[in-house]
Amino acid sequence: MVEEAQVIASSARDIPGLFYHFTATDAQILESTRLELVRIMSLYISGYDAPMAKSGLREAIAALQALDSVYTMFDADSAEAGITRNIHYLQQDTSFDHFNRLTFLADYAIPLQRQLRTFAATQQLELNTAVTLNPAADNLFSADAFSMKAFPGGSNTDTMLVKQGRSLFFNKALSGHNDRSCATCHQPDRYFTDGLERNTALNGGKLPRNTPTLLYSCFQYSQFWDGRVKSLEEQVLAVMHNPDEMNACDDSVLHRLRLDSMGTVTRALAAYIRTLRPFSAAFDTYLQGDKKAMTPLQQHGFNIFMGKAQCGTCHFAPVFNGLTPPLYNRTEFEVLAAPLTENLVKRSADTDLGRYDFFRIDFYKGAFKTPTVRNAAVTGPYLHHGAFHSLEQVVEFYDRGGMHASNQTLAATPLQLSANEKKALVAFMQALTDKPSY
Ligand code: HEC
Ligand code: HEC
């Protein structure tokens, strides 16, 4: 502890040097306060920085007090009043495990986001958000919270291409033997999964990994369970050329489709996949103001997910995947070290090395991308190998602190969830199921 404290103290001494000759514009200062509020809404209330110390709410209060001092300088009375309301709510109930995060977000933090945006507008300060957050969005949970163009290939959203991509998605001419389309495995009525542990490989046996949903896959900086490609465009070619998945030969595909470049195929499919972000779940409806959209058990589940159970420290709000706040400019990988089967008692180790296979540093042994839990209730079986068949079993795995593998990045301390808290977690994930519309 003493050593750690000395490191902190010495880093702190460097801060004035780092700011030598630094000036910030008013717009940049307001921008930073808005990012800090996003950090509070996504990280502090989930205890991200110190899950064991459970100090997240106190950190949130301190951060809001700092924001208050900024808005005092600007004489922004309404913003200050909003900040004070938020602080009071956080101070009312300081027990980390019982804090009502849903009410905090819906009735305090989101209204404050609006106040801060309005203030910046009245000052006519152009917030030039170079990052992923869309400065014009109403709040962090709005469907347009992110600027798609910040993601790899994200400016490719042309509507003609989307139409072409949707039709290509169902076209078996994309596979070597004219017998598989993307929709063979990513079935729209199964929320773009196939309901199987692992699909069949063309050369016999099973594919090494479970078919992930394509919903919200556009909100990632790397694709596949191990993140081996960066953009959806690259991903399309990887699947088509994979001898076990589609085994396609570009020349014959182009000949069949009467197209002259694979670029058209990849851009069209990627543009279509970028439209798969409905944000139409009960949870979304709730945060947009309809308080009847979620049952009390689902609401309780959100509070557990973002608090006691620590799920929100990896499955970050609002997409509940590895897209990391507050800049949302990278996708995280974690080592859960889940066993080979869902049997948590008689267990054997999984041999899939995940990200390590193409990124040979020890830290990545068994690391996988944190997938979204949106629509998890309808996209089982679970995990990269599809070995877990129910959300209850996934929750049980987490409750034990995983398998206590030496390299897991999942906290190994058991969560000590009650039976009702486990039920609530599952109920919350059910509130993340989008309205079927495909
Ligand atoms: C045979 C089944 C199958 C077919 C056909 C298939 N996929 Fe996949 N898809 C998978 C599997 C399995 C993975 C995960 C592989 C991995 O991570 O190693 C995947 C991963 C993806 C991902 C990455 C998602 C993420 O969150 O990482 C995207 C995007 C995708 N597929 C799109 C497509 C498109 C577009 C097509 C058609 C050109 C297609 N897939 C055809 C099985 C299939
Ligand atoms: C340390 C980071 C971390 C924490 C904490 C965490 N998860 Fe995960 N979660 C992941 C990763 C990484 C995966 C994928 C791992 C794999 O496939 O091996 C995953 C997978 C899942 C899946 C399967 C999704 C799918 O499509 O297959 C569900 C459901 C899930 N987590 C729910 C939860 C819940 C509920 C909690 C809290 C009790 C939680 N997670 C806590 C990182 C985390």
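The values are calculated or read from the model by the stated rules, or taken from the named source; none is laboratory data. For clarity, every value in this text was computed on a predicted model and none was experimentally measured. So basically every Cβ, Gly included, is an ideal-geometry build from the backbone, and we count neighbours across all protein chains shown.
Restricting attention to the range 201-220, report how many residues are out of contact with any helix residue (DSSP H, G or I) (no Cβ under 7 Å at 6 or more places or on another chain), among the polar types (S, T, N, Q) and within 12 Å of ligand 2 (Cβ to nearest atom).
2
Kindly establish whether N303 is more than 8 Å from ligand 2 (Cβ to nearest atom) and either within 19 Å of H385 (Cα to Cα) or surrounded by fewer than 20 Cβ atoms within 10 Å (Cβ to Cβ) (or both).
no
With respect to T324, determine if the residue is within 12 Å of ligand 2 (Cβ to nearest atom) and either crowded, with 22+ Cβ neighbours inside 10 Å or not assigned by TED's automatic domain parsing to the domain that holds F224 (or both).
Here the answer is yes, as T324 does meet what is asked.
Looking at the structure I just gave you, is Y71 out of contact with any Gly (no Cβ under 8 Å at 6 or more places or on another chain) and either within 29 Å of L415 (Cβ to Cβ) or without any contact (Cβ under 8 Å) to a residue 60 or more places away in the chain (or both)?
Considered against the rule, which asks whether it is out of contact with any Gly (no Cβ under 8 Å at 6 or more places or on another chain) and either within 29 Å of L415 (Cβ to Cβ) or without any contact (Cβ under 8 Å) to a residue 60 or more places away in the chain (or both), Y71 comes out as yes.
Of all residues in the range 276-330, count the ones that are within 19 Å of P51 (Cβ to Cβ), outside any loop (DSSP other than H, G, I, E, B) and either without any contact (Cβ under 8 Å) to a residue 60 or more places away in the chain or among the β-branched types (V, I, T) (or both).
2
If you go through the range 285-304 one residue at a time, do you hit one that is in the same structural domain as V373 (by TED's automatic domain parsing), under 30 Å from A349 (Cβ atoms) and under 23 Å from the mean Cα position of the chain (by Cα)?
There is at least one residue in the range 285-304 that is in the same structural domain as V373 (by TED's automatic domain parsing), under 30 Å from A349 (Cβ atoms) and under 23 Å from the mean Cα position of the chain (by Cα).
If I filter the range 78-93 for residues that are over 30 Å from N321 (Cβ atoms) and among the basic types (K, R), do I get at least one hit?
yes
What helices (runs of 4 or more DSSP H) lie completely within the range 181-267 and have 1 or more residues being under 18 Å from the mean Cα position of the chain (by Cα) and near ligand 1 (Cβ under 8 Å from one of its atoms)?
Ranges flagged: 232-241.
The rows are residues; the columns are (1) of a type in the set (D, E, K, R); (2) more than 27 Å from T132 (Cβ to Cβ); (3) surrounded by 13 or more Cβ atoms within 10 Å (Cβ to Cβ); (4) modelled with pLDDT of 95 or more.
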{"site": "Q6", "(1), (2), (3), (4)": "no, yes, no, yes"}
{"site": "T23", "(1), (2), (3), (4)": "no, no, no, no"}
{"site": "Y89", "(1), (2), (3), (4)": "no, yes, yes, yes"}
{"site": "F104", "(1), (2), (3), (4)": "no, no, yes, yes"}
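Please report, ordered by residue number, the helices (runs of 4 or more DSSP H) entirely within the range 1-103 with at least 2 residues that are in the same structural domain as Q115 (by TED's automatic domain parsing) and closer than 22 Å to F316 by Cβ.
Result: 26-42, 56-73, 77-92.
Among (1) touching a residue at least 40 places away in the same chain (Cβ under 8 Å); (2) exposed (fewer than 15 other Cβ atoms within 10 Å of the Cβ); (3) of a type outside the set (K, R), there is one condition G56 misses while meeting the rest; what is its number?
Here G56 meets the rest and fails (2).
Yes or no, residue by residue, for (1) away from ligand 1 (no atom under 14 Å from the Cβ); (2) buried (at least 18 other Cβ atoms within 10 Å of the Cβ); (3) of a type in the set (A, V, I, L, M, F, W, C):
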{"site": "R347", "(1), (2), (3)": "yes, no, no"}
{"site": "T351", "(1), (2), (3)": "yes, no, no"}
{"site": "R360", "(1), (2), (3)": "yes, no, no"}
{"site": "V373", "(1), (2), (3)": "no, yes, yes"}
{"site": "S390", "(1), (2), (3)": "yes, no, no"}
{"site": "A405", "(1), (2), (3)": "yes, yes, yes"}
{"site": "L410", "(1), (2), (3)": "yes, yes, yes"}
{"site": "T413", "(1), (2), (3)": "yes, no, no"}
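State all residues of the range 352-398 that are in contact (Cβ under 8 Å) with a residue 24 or more places away in the chain, charged (D, E, K, R) and either in a loop (DSSP other than H, G, I, E, B) or within 11 Å of ligand 2 (Cβ to nearest atom) (or both); if no residue qualifies, say none.
Across the range 352-398, the qualifying residues are D352, R355, K365, K369, R374, E392, E396.
Criterion first (surrounded by fewer than 19 Cβ atoms within 10 Å (Cβ to Cβ), within 20 Å of the chain's Cα centre (by Cα) and away from ligand 1 (no atom under 16 Å from the Cβ)) does D144 satisfy it?
Yes, satisfied.
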